[in-house]
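Working notes, beginning with the structure itself.
The values are calculated or read from the model by the stated rules, or taken from the named source; none is laboratory data. What you see is a predicted model; the values in this text were computed from it and never measured. Glycine also receives a Cβ, built like all others from the backbone with ideal geometry; neighbour counts cover every protein chain displayed.
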Amino acid sequence: MTTDGSEISLADFRGSKLVLYFYPMDFTPGCTAQACSLRDHNAAIQAKGAKILGVSTQDAASHERFSSAHRLNFPLLADPDRKVARAYGAIGGGGIFGLAQAMMGLADRVTFIIDEQGRIAAVIDSPSVMNHADEVLARLSG
């Protein structure tokens, strides 16, 4: 379920590019910086024909507070059962930090650029939280 209360699927974005970004946790400094970077550049991302969808394992209520507090202009998807994160391999990433995150049920920080046909066109494995929108825009242009 998203912050606006709707159920969505990847098929809902067919015909548009999708910036599907996974992040560990609402209200943490890095996740806040990343979301705000995307918020501040959403118009430029939309001009490239893309929509943004953020995903983490917190519940919808947490996402609603986070989205409201930071005036996010794109939906966040609540994935408390971790089905979406598992489907994209975005949980339990490498190294001891990834293992600790997985044990706590937190998603990895990774972004998928999905093309108009629903195929993964690019992956940003280690996004820069402060400049994430610039990274996304570079992938959308290329």
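Side notes on the structure shown:
- Given (1) modelled with pLDDT of 95 or more; (2) of a type in the set (Ser, Thr, Tyr); (3) under 25 Å from ALA138 (Cα atoms), index of the condition SER68 fails: (3)
- Near pairs, Cβ below 9 angstrom, 6+ apart or cross-chain, from region 64-87 (part of a loop (DSSP other than H, G, I, E, B)) to any residue that is acidic (Asp, Glu): PRO75/ASP4; PRO80/ASP59
- Filtered residues of region 65-81 (kept if touching a strand residue (DSSP E or B) at 6+ places or on another chain (Cβ under 8 Å), more than 22 Å from GLY118 (Cβ to Cβ) and either surrounded by fewer than 19 Cβ atoms within 10 Å (Cβ to Cβ) or not polar (S, T, N, Q) (or both)): PHE66, LEU72
- Considered as a group, the residues in region 35-64 that are touching a Phe, Trp or Tyr at 6+ places or on another chain (Cβ under 8 Å) and not polar (S, T, N, Q) include one that is surrounded by the most Cβ atoms within 10 Å (Cβ to Cβ), and that residue is GLY54.
- Within region 1-54, the set of residues being more than 15 Å from HIS132 (Cα to Cα), free of Cβ contacts under 8 Å to residues at least 60 places away in the same chain and touching a strand residue (DSSP E or B) at 6+ places or on another chain (Cβ under 7 Å) comprises ASP26 only.
- Residues of region 99-110 include at least one that is farther than 17 Å from LEU10 by Cβ and at pLDDT 90 or above.
- Just one of the listed residues (GLU116, GLU135) is among the charged types (D, E, K, R), assigned to a loop (DSSP other than H, G, I, E, B) and surrounded by 14 or more Cβ atoms within 10 Å (Cβ to Cβ), and it is GLU116.
- Any hit, region 40-56, residues being assigned to a helix (DSSP H, G or I), more than 10 Å from the chain's Cα centre (by Cα), at pLDDT 95 or above and farther than 21 Å from GLU116 by Cα: yes
- Scanning region 19-31 for residues that are small (Gly, Ala, Ser), in contact with a helix residue (DSSP H, G or I) (Cβ under 9 Å, 6 or more places away or on another chain) and within 24 Å of SER126 (Cα to Cα) turns up nothing.
- Residue list for region 1-54, restricted to those being within 22 Å of VAL84 (Cα to Cα), among the small types (Gly, Ala, Ser) and in contact with a His (Cβ under 7 Å, 6 or more places away or on another chain): ALA35
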